[in-house]
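This report concerns only the one structure given below.
The values are calculated or read from the model by the stated rules, or taken from the named source; none is laboratory data. All figures in this text were calculated on a predicted structure; none of them were measured in a lab. All Cβ positions, glycine included, derive from the backbone under ideal geometry; neighbour counts span all protein chains shown.
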Amino acid sequence: MDKKAYVGTNFKMYKTICETEEYLVKLKKLTGQLPEEIAEIFVIPSFTALPAAGAIVKDSRIKLGAQNMCWEDMGPFTGEISPVMLKEFGTEIVEIGHSERRHTFGETDEEERKKVRKALEHGLIPLLCVGETLQQRKRGIGDEILSMQIKTALYNLPLRQMEKIRIAYEPVWAIGVNGIPAEPQYVAGRHSHMRDLLIDMLGERSGNCIPLIYGGSVNLKNAKQFIGMENVDGLFVGRSAWDVENFWRIIQEVLYQ
Ligand code: PGA
């Protein structure tokens, strides 16, 4: 790759503290020699594993992320987690609006917007997840949905704040065991739409510097195809990355194409 690649995984609600520790100790060893300029590796475990994970990835090449957060610092929000609490463990990235948050838990664009703003206020990097459903794709409104999700999430933010976000494009229909793998050409089309939108909103320089990461049924076989597409700056991997050796193979596919 001639530019920095972003490769990460979200453990969803799968790994325990012990399993996360074991995984990260191995990944830290495997990624120890990766030059910083060519890759950013991030891992997003469950909340309960964050303290142990934070201690392991400290001084490593792995950035730690959280799967969600509240849009307030503190208050009567039973069951929620605050950005202040996430930062106590060295969390640097926060996933906002993952498809499962939007579609299983009913989060709205407006809630994602509040979370993005709050994350930035605390110096956390928002990893904004966007994507259309199969029905929206069939109706030909995929790009409109992406525009709406991105424009709402970035609404009224100062330019220097907007520059800090990252976007993960994850078509809802391509995620998980029942996901239909997306065609690389289709992904390239959506990424190019998002790039144009960002340039329109932020200007040429800033619009080009926001990483656009693809996720949804990424695996060892298709990783190279996706990363080879224009405007695909990284990969966000679920199932195929949960075995650490396999994740490492995917990282190598991405970096040494
Ligand atoms: P998957 O998950 O790679 O298992 O499809 C992707 C995601 O939910 O981010």
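List of remarks:
- Exclusive hit being modelled with pLDDT of 95 or more, of a type in the set (S, T, N, Q) and buried (at least 22 other Cβ atoms within 10 Å of the Cβ), set Gln149, Gln185, Gln135, Gln161: Gln149
- Scanning segment 89-121 for residues that are of a type in the set (Lys, Arg) and within 16 Å of the ligand (Cβ to nearest atom) gives Arg101, Arg102.
Residue-wise test of (1) within 16 Å of the ligand (Cβ to nearest atom); (2) touching a Gly at 6+ places or on another chain (Cβ under 9 Å); (3) closer than 19 Å to Ser240 by Cα.
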site: Lys3; (1), (2), (3): no, no, no
site: Tyr6; (1), (2), (3): yes, yes, yes
site: Phe11; (1), (2), (3): yes, yes, yes
site: Lys15; (1), (2), (3): yes, no, yes
site: Leu27; (1), (2), (3): no, no, yes
site: Gln33; (1), (2), (3): no, no, no
site: Glu36; (1), (2), (3): no, no, no
site: Ala49; (1), (2), (3): no, no, no
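- Residues satisfying the criterion are absent from segment 75-84 (criterion: within 16 Å of the ligand (Cβ to nearest atom) and modelled with pLDDT of 95 or more).
- Subset of segment 173-182 (residues that are buried (at least 21 other Cβ atoms within 10 Å of the Cβ) and in contact with a helix residue (DSSP H, G or I) (Cβ under 7 Å, 6 or more places away or on another chain)): Trp173, Ile175, Ala182
- Candidate set from segment 197-219 (those that are under 18 Å from the mean Cα position of the chain (by Cα) and among the hydrophobic types (A, V, I, L, M, F, W, C)); member that is nearest to the ligand (Cβ to nearest atom): Val218
- Subset of segment 38-47 that is modelled with pLDDT of 95 or more and more than 16 Å from the ligand (Cβ to nearest atom) - its residue that is farthest from the chain's Cα centre (by Cα): Phe47
- Qualifying residue in segment 165-174 (condition: more than 15 Å from the ligand (Cβ to nearest atom) and outside any loop (DSSP other than H, G, I, E, B)): no
- Any chance Thr104 is among the β-branched types (Val, Ile, Thr) and either in contact with a Lys or Arg (Cβ under 9 Å, 6 or more places away or on another chain) or under 25 Å from Ile62 (Cβ atoms) (or both): no
- Total residues in segment 220-253, condition within 14 Å of the ligand (Cβ to nearest atom) and not polar (S, T, N, Q): 15
- Matching residues, segment 184-196, being farther than 12 Å from Ile167 by Cα and either more than 16 Å from the ligand (Cβ to nearest atom) or not in a helix (DSSP H, G or I) (or both): Gln185, Ala188, Gly189, Ser192, His193, Asp196
- Here Tyr14 meets the list (1) surrounded by fewer than 16 Cβ atoms within 10 Å (Cβ to Cβ); (2) in contact (Cβ under 8 Å) with a residue 12 or more places away in the chain; (3) assigned to a helix (DSSP H, G or I) almost entirely, failing just condition (3).
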